[in-house]
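These notes are about the structure you will find just below.
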Amino acid sequence: MQATVSLIPGAISELFAQTTSSGCITRADQYGLMAAMLDESLTEDERAAIDRLLRACYRGRMKVVNELSTLS
């Protein structure tokens, strides 16, 4: 049984804006972004935004927090 990833329209751009302004991303959001990279319906802009966020996490420029969500 294979799980499918269903993205909410505009979720990636909202998450990108929120995390870049706060400098923090939740562990759940980080794993959600990694799963979203497998979605073949992403636009190039969405892929670039996800790549930038994950790269910032990897390089330590973004703090990963253990909260439920950064979105209000």
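The values are calculated or read from the model by the stated rules, or taken from the named source; none is laboratory data. From a predicted model like this one, the values you see are computed outputs, not experimental measurements. As a convention, Cβ positions derive from the backbone with ideal geometry for all residues, glycine included, and neighbour counts pool all protein chains shown.
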Taking region 20-47, which residues are farther than 24 Å from Asn66 by Cα and aliphatic (A, V, I, L, M)?
Leu42
Name the single residue that is modelled with the highest pLDDT among those in region 31-47 being part of a loop (DSSP other than H, G, I, E, B) and exposed (fewer than 12 other Cβ atoms within 10 Å of the Cβ).
Thr43
Taking the stated definitions as given, is Ile50 farther than 14 Å from Val64 by Cβ and crowded, with 18+ Cβ neighbours inside 10 Å?
yes
